[in-house]
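I have placed the structure first, in the form of structure tokens, so that the comments after it can refer back to it.
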Amino acid sequence: MEKINIRTTKRIDLIDITDQIQNIVAKSKVKDGICFLFCPHTTAGLTINENADPSVRQDITNALNKLIPEGAGYMHAEGNADSHIKSSLFGSSLTIFIEDGQLAFGIWQGIYFCEGDGPRSREVWVKVIRTVPVKAN
């Protein structure tokens, strides 16, 4: 397992980590396989979304803050209940196919670390597994 370290700078932020994950895949020399990503934090998550237009990240952040505002009378005493809810929407893991040594995405897709309670130092855990093709008889 590899780990990438992320230093977030805002309370709510989406950080493109696609290149870091692709570098781990390339280093593994796996041509065909699966890349598993896991976020070990309860106030952060992972998602795949468009990475061509940076305004998409801001639109997602704005919508999240509108739907799940900070300090909206939540019961959680730490004051970051909105961050727990936002991270639950994103989820804590992703599975991505590896084809010919590359992460297999749609044309505009990328991987985002979704910070909900920053700024903080964070990790994403990465596991690359080689798959064995099944030959037809």
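The values are calculated or read from the model by the stated rules, or taken from the named source; none is laboratory data. Only a predicted model underlies this, so the values are computations on that prediction, with no experimental measurement involved. Please note: Cβ atoms are built from the backbone with ideal geometry, for glycine as well, and neighbour counts cover all protein chains shown.
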Legend entry - Pick from the range 82-101, criterion under 12 Å from T42 (Cβ atoms) and hydroxyl-bearing (S, T, Y), ranking: surrounded by the most Cβ atoms within 10 Å (Cβ to Cβ): S83
Inset, instruction - Give me a count of the residues in the range 82-110 that are in a loop (DSSP other than H, G, I, E, B), of a type outside the set (S, T, N, Q) and touching a Phe, Trp or Tyr at 6+ places or on another chain (Cβ under 8 Å). - result: 1
Inset, instruction - Inspect the range 106-124 for any residue being out of contact with any Leu (no Cβ under 9 Å at 6 or more places or on another chain), on the phi < 0 side of the Ramachandran plot, of a type in the set (K, R) and at pLDDT 95 or above and give the result as yes or no. - result: yes
Inset, instruction - State the number of residues belonging to the range 37-56 that are touching a residue at least 24 places away in the same chain (Cβ under 8 Å) and farther than 21 Å from A104 by Cα. - result: 5
Inset, instruction - Output the residue which, of all residues in the range 72-81 that are part of a loop (DSSP other than H, G, I, E, B) and not hydroxyl-bearing (S, T, Y), is surrounded by the most Cβ atoms within 10 Å (Cβ to Cβ). - result: N80
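I'm checking my understanding of the structure. Among residues of the range 102-128 that are of a type outside the set (G, A, S) and surrounded by fewer than 12 Cβ atoms within 10 Å (Cβ to Cβ), which one is nearest to N80 (Cα to Cα)?
Applying the filter and picking the extreme gives W108.
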Inset, instruction - Filter the range 44-71 down to residues that are in a helix (DSSP H, G or I) and surrounded by fewer than 16 Cβ atoms within 10 Å (Cβ to Cβ), then give me how many there are. - result: 8
Inset, instruction - Can you give me the number of residues within the range 79-105 that are among the acidic types (D, E) and at negative phi? - result: 2
Inset, instruction - For the range 24-43, name all the residues that are in a loop (DSSP other than H, G, I, E, B) and of a type in the set (D, E, K, R). - result: K29, K31, D32
Inset, instruction - Starting from the range 25-36, take each residue that is touching a residue at least 12 places away in the same chain (Cβ under 8 Å) and list its partners that are assigned to a helix (DSSP H, G or I), counting only C-beta distances under 7 angstrom and pairs at least six apart or across chains. - result: C35/I21; C35/V25
